[in-house]
Amino acid sequence: MKKQFQPETLMMSHGYRPEWSEGAVKCPIFQTSTFVFDSAEQGKGFFEVAYGLREKGAKEKPGLIYSRLNNPDMQILEERLSLWDGAEECAVFESGMAAIATVLFEFLQPGDLLLYSNPLYGGTDHFVHHLLPKFGIDVLGFHPKASRSELEKILRNSGKADRLAMIYLETPANPTNDLVDIAMCREIADQFGHTDRQTLVAVDNTYLGPLWQHPLKHGADLVLYSATKYIGGHSDVIAGACLGSAALMTRVKTLRTFLGNMIAPYTGWLLLRSLETLKLRMEKQAENAQIIARRLINHPKIENVHYLGLLTISDGDAFVTYQKQCTSPGAMVSFEVVGGEPEAFAFLNHLKLVKLAVSLGSTESLAQHPASMTHAGVAPEDKLAFGIKDNLVRLSVGVENVEDLWWDLEQALAAVPQNGALNVHPVGKTMANKPEMVANLVM
Ligand SMILES: *Cc1c(COP(=O)(O)O)cnc(C)c1O
């Protein structure tokens with residue numbers, strides 16, 4: 001009987017055989033641009049499959065041709081990543097933005113409508129608002145707390161519902177942890193879908209994946225990652241991934257071949273290494289985050305804590321969505337310091353252990369100020385609508401000793417003046433709003 005191993009067990013072995021590489025226990029870095037064919041006939045056969053001129057035989061492995069098309073580090077990484085989401089196939093990219101841009105370009109065409117949840121990651125937001133319209137694609141955003149009937153209304157009022165080609169989601173929303181119900185969006189996609197072309201649901205799962213939320217199981221067609229974050233987990237690579245059915249992924253991989261934005265062998269190898277400790281890291285991060293979030297809510301200089309682990313039945317739909325869609329509250333916590341931007345800055349400036357930096361999901365804890373950093377380009381009225389306040393701090397909890405982390409947070413909070421004494425600026429007027437600012441493009 002063959003035992004079905006769990007993904008965390010398979011991260012050390014799946015898809016690689018030591019006899020391929022002189023018995024090396026680990027997959028080496030295949031730092032090569034091209035691969036030698038045994039014969040001209042074999043080379044011809046590899047190209048026939050790669051170019052879709054014929055179906056791959058049942059026992060036939062796709063032949064290695066050229067590292068823009070395939071490479072062992074890239075393919076083994078794709079096979080291992082697929083296990084967490086239970087996806088048929090995966091494509092890895094040199095950045096999260098490369099994965100997102102490739103998916104949007106492959107599945108949208110002039111005249112199409114894209115419906116997306118707000119707020120989007122800055123880079124995605126820029127792509128949606130500045131690149132897609134150049135190609136005649138209409139875009140429409142919605143509030144992450146919108147109900148099903150509100151979504152239907154937004155679509156109907158747009159007059160473009162019959163052209164809905166994709167619903168694009170980020171859930172939990174960054175930085176507020178608002179949740180969007182993926183299964184509900186699947187139903188809307190089917191309700192408004194074309195008869196000749198399915199409306200796709202794509203989910204950026206960077207915040208909770210690949211461990212704690214599996215969008216494909218809730219009806220999504222495509223899952224996207226910035227592998228720079230939890231998957232890489234050490235703040236030392238930029239990478240991305242997309243997962244879905246074999247049919248959709250063939251299209252994604254084909255466009256990747258021609259854009260040439262695939263992952264490099266060395267980056268792929270680093271991520272193979274990261275995957276071996278993915279579950280250990282993420283579980284420790286979530287354990288730390290739960291302790292910290294519970295202590296933060298009781299701190300007199302904290303007004304409000306946004307963390308999935310603090311949702312209760314009184315949060316209504318958010319709690320229901322959390323229970324059916326997420327398997328852990330994760331390790332992203334955001335909170336409002338009593339006061340405004342000066343108090344939030346005083347806190348950030350006094351941190352000694354936690355690093356003041358954007359990005360997330362790494363072994364070290366990182367803190368930043370969304371209103372002036374990752375979300376600097378969001379219009380003031382949208383900041384207000386999405387809860388990106390001047391006193392909001394976002395914390396990505398790492399694997400450090402939790403008492404050391406708490407010591408740091410407490411001493412930095414102690415340095416914050418009492419009762420918002422520094423908050424001389426009226427809320428909403430402290431930030432210059434320049435949507436074209438480059439700051440909008442960083443995480
Ligand atoms: C960081 C991030 C991205 C972009 O990924 P890169 O690897 O920086 O290109 C996209 N979406 C989310 C949610 C992110 O956090």
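The values are calculated or read from the model by the stated rules, or taken from the named source; none is laboratory data. The model shown is predicted, which means the values in this text are computed figures rather than measured ones. Cβ sites come from the backbone with ideal geometry, for glycine too, and all protein chains shown count toward neighbours. The area values use the complete protein model at the heavy-atom level, side chains included, leaving out ligands, DNA and RNA. Shrake-Rupley method; radii C 1.70, N 1.55, O 1.52, S 1.80 Å.
Odds and ends about this structure:
- For the range 172-228, the set of residues classified as away from the ligand (no atom under 16 Å from the Cβ), touching a helix residue (DSSP H, G or I) at 6+ places or on another chain (Cβ under 7 Å) and hydrophobic (A, V, I, L, M, F, W, C) consists of Ala183, Met184, Ile188, Phe192, Leu200, Val201, Leu216, listed by residue number.
- Selection count where residues are within 9 Å of the ligand (Cβ to nearest atom) and either over 16 Å from Thr228 (Cβ atoms) or not in a strand (DSSP E or B) (or both), scope the range 77-100: 7
- Subset tally (residues that are open to solvent by 10 Å² or more (accessible area, probe 1.4 Å) and within 22 Å of the chain's Cα centre (by Cα)) for the range 177-199: 7
- Whether a residue is out of contact with any Cys (no Cβ under 8 Å at 6 or more places or on another chain), buried (at least 21 other Cβ atoms within 10 Å of the Cβ) and either within 20 Å of Tyr121 (Cβ to Cβ) or not β-branched (Val, Ile, Thr) (or both) was assessed, and Ser365 passes this test.
- Beta carbons closer than 6 Å, at least 6 apart along the sequence or on distinct chains, pair a first residue in the range 137-158 that is open to solvent by 50 Å² or more (accessible area, probe 1.4 Å) with a second that is in a helix (DSSP H, G or I) for Arg148/Met184.
- Some residue of the range 61-70 being within 16 Å of the ligand (Cβ to nearest atom) and not β-branched (Val, Ile, Thr): no
- Hits in the range 60-86 - residues which are touching a helix residue (DSSP H, G or I) at 6+ places or on another chain (Cβ under 6 Å) and open to solvent by less than 50 Å² (accessible area, probe 1.4 Å): Gly63, Ile65, Leu69, Asn71, Asp73, Met74, Leu77, Arg80, Trp84, Asp85
- Condition met for His234 (closer than 30 Å to Lys355 by Cα, in contact with a Phe, Trp or Tyr (Cβ under 8 Å, 6 or more places away or on another chain) and open to solvent by 20 Å² or more (accessible area, probe 1.4 Å)): no
- Residue within the range 238-250 that is of a type in the set (Ser, Thr, Tyr) and either within 16 Å of the ligand (Cβ to nearest atom) or over 20 Å from Leu83 (Cβ atoms) (or both) present: no
- Candidate set: the range 321-362, residues that are β-branched (Val, Ile, Thr) and surrounded by fewer than 20 Cβ atoms within 10 Å (Cβ to Cβ); chosen: the one nearest to the ligand (Cβ to nearest atom): Val358
- Each residue in the range 281-297 was checked for being among the hydrophobic types (A, V, I, L, M, F, W, C) and free of Cβ contacts under 8 Å to residues at least 40 places away in the same chain, and 1 of them qualify.
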